[in-house]
Every structure is written in structure tokens, then in C-alpha cells.
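The values are calculated or read from the model by the stated rules, or taken from the named source; none is laboratory data. All figures in this text were calculated on a predicted structure; none of them were measured in a lab. Cβ coordinates were reconstructed from backbone atoms using ideal geometry, including for glycine residues, and neighbour counts include every protein chain displayed. Ligands, DNA and RNA are stripped out before the accessible areas are found, and what is left, the full protein with its side chains, is counted by its heavy atoms. Shrake-Rupley method; radii C 1.70, N 1.55, O 1.52, S 1.80 Å.
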Amino acid sequence: MVGERVMVMSEQAMDARVDAALALAVQVFTTTDLACFARGTRIETATGLVAVEDLRDGMLIETMDHGLQPVRRVLSKLVDGRGALAPVEIGAAVLGNMRPLRVSPHHRMVVSGWRAELLTGEAEVLAAAADLVDGARVRVVEMEQVEYFHLLFDRHEIIFAEGAATESYHPFAGDAVELAPGTLAELQALFPDMGRAFWEGTLLGGTARPCASRDEAALLLA
């Protein structure tokens, strides 16, 4: 009985951490411009490819590591499509994508192969789209406005966009530490005695794959 109560309490505690992580991730979303997909991007789901703008909370999305998982939040933001937030277009077949794929500059793609292993020591790494730009196969495409969509899961996942492996939304990627200090302070205030290990298994835990540095990413598609 004691063991069962401990297990139930442990599961309840984990659920509370997951819910807290999701709530804080939404707060970060409102104050930062982070990794996301441009309108029109098709995501692999339980029923096939679905445009990201047609996804709804609870729909089952194909993940690389955990099979079908429900998307917990689908968030969107309309921003200036010029300058720092201009989308990055990855040409068809560059990363296994079946057609051109547009993502925000901070959005990270999975890159694998011998170059990844040689440069980073990892078989698969995440690289920011902006760091992969070469002006030809991967290029910046400016436009008046762009609508970006963020997909939140219980944890950071590798999903498939136009057939290419890529990340789901991670709230503390990119410039979140600088742009959302209030949210990070709230996180520390709510859980002052909990280190990073406390959040493992939630959206605030580590990334699903190691992340390549800017210099490493620049050589991954050379």
C-alpha cells in the first residue's frame, strides 16, 4: 500500500511538473520570437501530412522517439517577415524534406551523417536554420509578414515537417534567457530548490538531441 501511494504521488508530482512547464512555455512564447514553422508547413500526424495551421490541441503527431504523441498546445504569431524574423527556406531534399520548408531563424533541424559525427561526435544533432544558410540550398526569404506556429508537447520532441526531422517547440532555446528573464525568475521562485534535473521529462528539460554550435552548423551541409 505504501509503495502504491508513493507511486501515485510520484505520478501526480510529474503531472504537476508537466503542467507547470507547459504554462511557463506559453508565457515564454508571448515574450520571445523563437523556433517555429511557417504557415503552410505540413506536419506528419496519425492521419498523414496536415498543414500546421490545421492542427488542433490533442491531435496525435508522429515523433521520432516516442511514436504518436498528442500535441498539447498549438500557438501562432503573426510577425514582420523582414529582417531578424524573416523565414529561412530549406530547399527540397536538402534535409530529406519533400518540398521547400520554411521555418523561423531559430528553429532547429536534425542533421545527421558523417559530417555531424566528425564535427560534433554525435550521429544526430540539432542545428538552427539560420546557421545552415548558404544562400543557395538554404536561404533567407523576406516577406511583408509571416505567421509562425509553435507546437508544444509534454517534452521536447523530434517531429517531421515535410518529411524532414526537426524539433518541436522548446521554450528555453535561442534567446529566451535574455528575452524572458521574468519568466525564468518566476520558474526559480516557484521551485527554488529544484535544479535542471527536476524538469527532466518535461518541456523544460533538455533538448531531444545535442545542439550544434554556430560554427559547427555552418559546416554541416558543406
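Taking L119 as the residue in question, decide whether it is in a helix (DSSP H, G or I), in contact (Cβ under 8 Å) with a residue 60 or more places away in the chain, at negative phi and not basic (K, R). Against the criterion (in a helix (DSSP H, G or I), in contact (Cβ under 8 Å) with a residue 60 or more places away in the chain, at negative phi and not basic (K, R)), L119 qualifies.
When the residues of region 60-108 are filtered to those that are open to solvent by less than 50 Å² (accessible area, probe 1.4 Å) and touching a helix residue (DSSP H, G or I) at 6+ places or on another chain (Cβ under 6 Å), the one that is nearest to H156 (Cα to Cα) is H107.
Taking the numbered list (1) out of contact with any strand residue (DSSP E or B) (no Cβ under 6 Å at 6 or more places or on another chain); (2) open to solvent by less than 10 Å² (accessible area, probe 1.4 Å); (3) of a type in the set (D, E) in turn, E144 passes all entries but (2).
Aliphatic (A, V, I, L, M), open to solvent by 70 Å² or more (accessible area, probe 1.4 Å), part of a loop (DSSP other than H, G, I, E, B) and more than 19 Å from R209 (Cβ to Cβ): is that true of A136 in this structure? Spell out the reasoning first.
Values: aliphatic (A, V, I, L, M): yes; open to solvent by 70 Å² or more (accessible area, probe 1.4 Å): yes; part of a loop (DSSP other than H, G, I, E, B): yes; more than 19 Å from R209 (Cβ to Cβ): yes.
It is true that A136 is aliphatic (A, V, I, L, M), open to solvent by 70 Å² or more (accessible area, probe 1.4 Å), part of a loop (DSSP other than H, G, I, E, B) and more than 19 Å from R209 (Cβ to Cβ).
Can you confirm whether I159 is among the β-branched types (V, I, T), open to solvent by less than 30 Å² (accessible area, probe 1.4 Å), modelled with pLDDT of 95 or more and in contact with a Ser or Thr (Cβ under 6 Å, 6 or more places away or on another chain)?
Details: among the β-branched types (V, I, T): yes; open to solvent by less than 30 Å² (accessible area, probe 1.4 Å): yes; modelled with pLDDT of 95 or more: yes; in contact with a Ser or Thr (Cβ under 6 Å, 6 or more places away or on another chain): yes.
So I159 fits the description; yes.
When A165, A217 are checked against the criterion of being assigned to a helix (DSSP H, G or I), at pLDDT 60 or above and open to solvent by less than 50 Å² (accessible area, probe 1.4 Å), A217 stands alone in meeting it.
If you go through region 37-59 and keep only what is open to solvent by less than 30 Å² (accessible area, probe 1.4 Å) and either of a type in the set (V, I, T) or more than 19 Å from Q145 (Cα to Cα) (or both), you end up with T41, I43, T45, G48, V50, V52, L55. Taken together, the residues in region 97-120 that are within 14 Å of L219 (Cα to Cα) and in contact with a Pro (Cβ under 9 Å, 6 or more places away or on another chain) amount to 1.
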